[in-house]
């Protein structure tokens, strides 16, 4: 078995940038329709609930805008050799930014969100390819490559684009293909290392999308992920399409939506 690489391969950055531009264009077209629906100045469709419990579409747009601004800032910090944080001011800053569009006209909120998204694409497309392999220290996950920001932004656009409930149904196959192996590789950092994780949960889980297999191991010494084969021994195997696996990892589908064989204690809870 070989350890799964948690960084976007250099050879895939160009394709990821193309998909980012396409996802940004799809989102821009969709939210412009929301602005048209709220052209009376009162907010209209923008103030309706999103698919994310407790969040309006307006709140989601503010979050997407904050994500674009933060990604651009963090890129500059990484290129300057400094550590970077998505929300340098912590939870209070996050809450403030979620309410950034509360008093804005729908057209202003949408135009602002679209502008920051498009500016981020222009910034990233203009980066020399070698810079995407630059390492920097990120507040949540430690030392990562700059290319992780690209995958996180792609994830944000696809997941929250669907959450906006404005016609962006389904995740692009290109995004799923890029994100799934990386999300599996990030399991130790994104799940096992969380403060609220029950580290008494141990075991071996074999994940598969029908053509690829990954073994997730969790024990007293920590967790690890490696590429595997179909005959690998595990406490439980979980199989689904690539889209289904990614949705489980991102909390958009329950684990029991997968085909499960064996003694299942979820690493994803």
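The values are calculated or read from the model by the stated rules, or taken from the named source; none is laboratory data. Keep in mind that what you see is a predicted model, and the values were worked out from it rather than measured. All Cβ positions, glycine included, derive from the backbone under ideal geometry; neighbour counts span all protein chains shown.
Overview of values
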item: Residue 106 vs. criteria farther than 22 Å from residue 166 by Cβ, touching a residue at least 24 places away in the same chain (Cβ under 8 Å), buried (at least 19 other Cβ atoms within 10 Å of the Cβ) and touching a helix residue (DSSP H, G or I) at 6+ places or on another chain (Cβ under 8 Å); result: no
item: Matching entry among 175, 141 (being surrounded by fewer than 16 Cβ atoms within 10 Å (Cβ to Cβ) and out of contact with any strand residue (DSSP E or B) (no Cβ under 8 Å at 6 or more places or on another chain)); result: 141
item: Residue match in region 56-77 (condition: out of contact with any helix residue (DSSP H, G or I) (no Cβ under 7 Å at 6 or more places or on another chain), more than 20 Å from residue 10 (Cβ to Cβ), buried (at least 16 other Cβ atoms within 10 Å of the Cβ) and at pLDDT 95 or above); result: yes
item: Residue count for region 54-69, restricted to those that are in contact with a strand residue (DSSP E or B) (Cβ under 8 Å, 6 or more places away or on another chain) and assigned to a helix (DSSP H, G or I); result: 1
item: Strands (runs of 3 or more DSSP E) contained entirely in region 208-255, each with at least 3 residues that are surrounded by fewer than 19 Cβ atoms within 10 Å (Cβ to Cβ); result: 222-228
item: So residue 78, is it assigned by TED's automatic domain parsing to the domain that holds residue 31, outside any strand (DSSP E or B), within 24 Å of residue 6 (Cβ to Cβ) and touching a strand residue (DSSP E or B) at 6+ places or on another chain (Cβ under 8 Å); result: yes
item: Residues satisfying the stated conditions in region 152-176, i.e. in contact with a helix residue (DSSP H, G or I) (Cβ under 7 Å, 6 or more places away or on another chain), assigned to a helix (DSSP H, G or I) and either closer than 19 Å to residue 132 by Cβ or without any contact (Cβ under 8 Å) to a residue 60 or more places away in the chain (or both); result: 153, 154, 155, 156, 157, 174, 175
